[in-house]
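Take a look at the structure set out below.
The values are calculated or read from the model by the stated rules, or taken from the named source; none is laboratory data. From a predicted model like this one, the values you see are computed outputs, not experimental measurements. Here the Cβ is made from the backbone with ideal geometry for all residues, glycine too, and neighbour counts use every protein chain on show. Heads up: the accessible areas ignore ligands, DNA and RNA and are worked out on the full protein's heavy atoms, side chains in. Shrake-Rupley method; radii C 1.70, N 1.55, O 1.52, S 1.80 Å.
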Amino acid sequence: MSVLSNYDTWKQFLNDRVSQAKGMGLNEETISNLAYEIGSFLGEKVDPKNEQERAIKELWDVGDEQERKTIAGLMVKLVQHS
């Protein structure tokens, strides 16, 4: 099963990656910037696999750069509080 097939699995995967980045000494801003880059890649190259991912992609698609950065930052915060 792909990590993108299940929303909870995706959040856990992202949380693990955020924890690894923090362990490497990356700060919140750098992590959010990386999340933005990953979001950009996923938005262009990956078809959403579930309803939650589809909603996030739709928001991503209508957002400008600043709004997309906000979405990326919020996703990082979300997985840290899960």
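Descriptive notes on the structure:
- Of the criteria (1) of a type in the set (S, T, N, Q); (2) open to solvent by 90 Å² or more (accessible area, probe 1.4 Å); (3) at pLDDT 95 or above, which one Ser82 fails: (3)
- All positions within segment 1-37 that are aliphatic (A, V, I, L, M) and free of Cβ contacts under 8 Å to residues at least 12 places away in the same chain: Met1, Val3, Met24, Leu26
- Restricting attention to segment 18-53, the residues that are farther than 22 Å from Gln80 by Cβ, within 13 Å of the chain's Cα centre (by Cα) and open to solvent by 50 Å² or more (accessible area, probe 1.4 Å) add up to 0.
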